[in-house]
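Trainee: Next up is a structure, given as structure tokens.
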Ligand SMILES: C[S@@+](CC[C@H](N)C(=O)[O-])C[C@H]1O[C@@H](n2cnc3c(N)ncnc32)[C@H](O)[C@@H]1O
């Protein structure tokens, strides 16, 4: 695995991504990191990220449409929070995380979870416009190529549908920004990028039209909603 930064090549109808200040997490690094995290993920991350996850699922529940794609579903912490009318397909790169999600679905009898599939969110096997809504919770800063993820979600969500992200984004300045840039050296073992900038995910046009809502506590996380035009 290379430590060279992976980014979508510019010049494919998109604005170039600003020079990233982060080390790459390719698919194998993601799988390895989440193999280590799977057993303790809910205890270590479940609490701190709980409000962001709750906000995102509340937003999904309030939107029209029933077919929901949750990418990077992980251990399935969000799955019990969807209303029964939403039919959920969850995908994740990590078989270890998915195994926990499958246990949860069985234990809690979550009958509206239609499928949990091992699949790369940047390159899925779904047909165009398969879903009304796609949601990615704490995933955008983990995937190797965030803009490729966005393009894929635009492809699989129908026009008029919605794409939601909840994530931690780099604080542009101040003490938090300095700390986050420092923490970025540990991206590989953390399994996410503490120095992930919103511009790495959203090209300027999308950035301008997205609904951006800080999530408590302390605005550490942000909910981003994009209408699929
Ligand atoms: C920080 S966890 C978030 C899990 C869950 N969404 C939550 O809210 O707890 C990130 C998840 O994204 C998954 N992931 C990373 N890259 C992926 C990719 N390219 N395709 C699908 N899943 C991916 C990881 O395996 C991991 O389960």
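Trainee: Residue 100 is checked against (1) more than 17 Å from the chain's Cα centre (by Cα); (2) over 23 Å from residue 35 (Cβ atoms); (3) within 11 Å of the ligand (Cβ to nearest atom) and fails just one. What number does that condition carry?
Mentor: It fails just one condition, (2).
Trainee: Looking at the structure I just gave you, is residue 170 crowded, with 19+ Cβ neighbours inside 10 Å, at pLDDT below 90, over 14 Å from the mean Cα position of the chain (by Cα) and within 24 Å of residue 93 (Cβ to Cβ)? Don't jump to the end; show me each part of the working.
Mentor: Details: crowded, with 19+ Cβ neighbours inside 10 Å: yes; at pLDDT below 90: yes; over 14 Å from the mean Cα position of the chain (by Cα): yes; within 24 Å of residue 93 (Cβ to Cβ): yes.
So residue 170 fits the description; yes.
Trainee: Give me the pairs: first residue in the stretch 148-166 and more than 13 Å from the ligand (Cβ to nearest atom), second residue in a helix (DSSP H, G or I) and modelled with pLDDT of 95 or more, beta-carbon distance under 9 Å, and six or more apart or on different chains, which are they?
Mentor: What qualifies is 162/59; 162/60; 163/150; 163/153; 163/154.
Trainee: Do we have residue 162 as under 20 Å from residue 222 (Cα atoms), buried (at least 22 other Cβ atoms within 10 Å of the Cβ) and at pLDDT below 90 here? Lay out the reasoning, then the answer.
Mentor: Numbers: under 20 Å from residue 222 (Cα atoms): yes; buried (at least 22 other Cβ atoms within 10 Å of the Cβ): yes; at pLDDT below 90: no.
So residue 162 does not fit the description; no.
Trainee: Shifting gears a bit: What number of residues within the stretch 34-78 are at negative phi and near the ligand (Cβ under 10 Å from one of its atoms)? Show your work before the answer.
Mentor: First, pick out the residues of the stretch 34-78 that are at negative phi: 34-64, 66-71, 73, 75, 77-78.
Next, from what is left, pick out any that are near the ligand (Cβ under 10 Å from one of its atoms): 34-35, 37-38, 41-42, 45-46, 49-50, 52-53, 56-57, 70-71, 73, 75, 77-78.
Residues flagged as at negative phi and near the ligand (Cβ under 10 Å from one of its atoms) within the stretch 34-78 amount to 20.
The values are calculated or read from the model by the stated rules, or taken from the named source; none is laboratory data. Since we're looking at a predicted model, the values are computed, not measured. Positions of Cβ are generated from backbone atoms using ideal geometry, with glycine treated the same way; all protein chains shown enter the neighbour counts.
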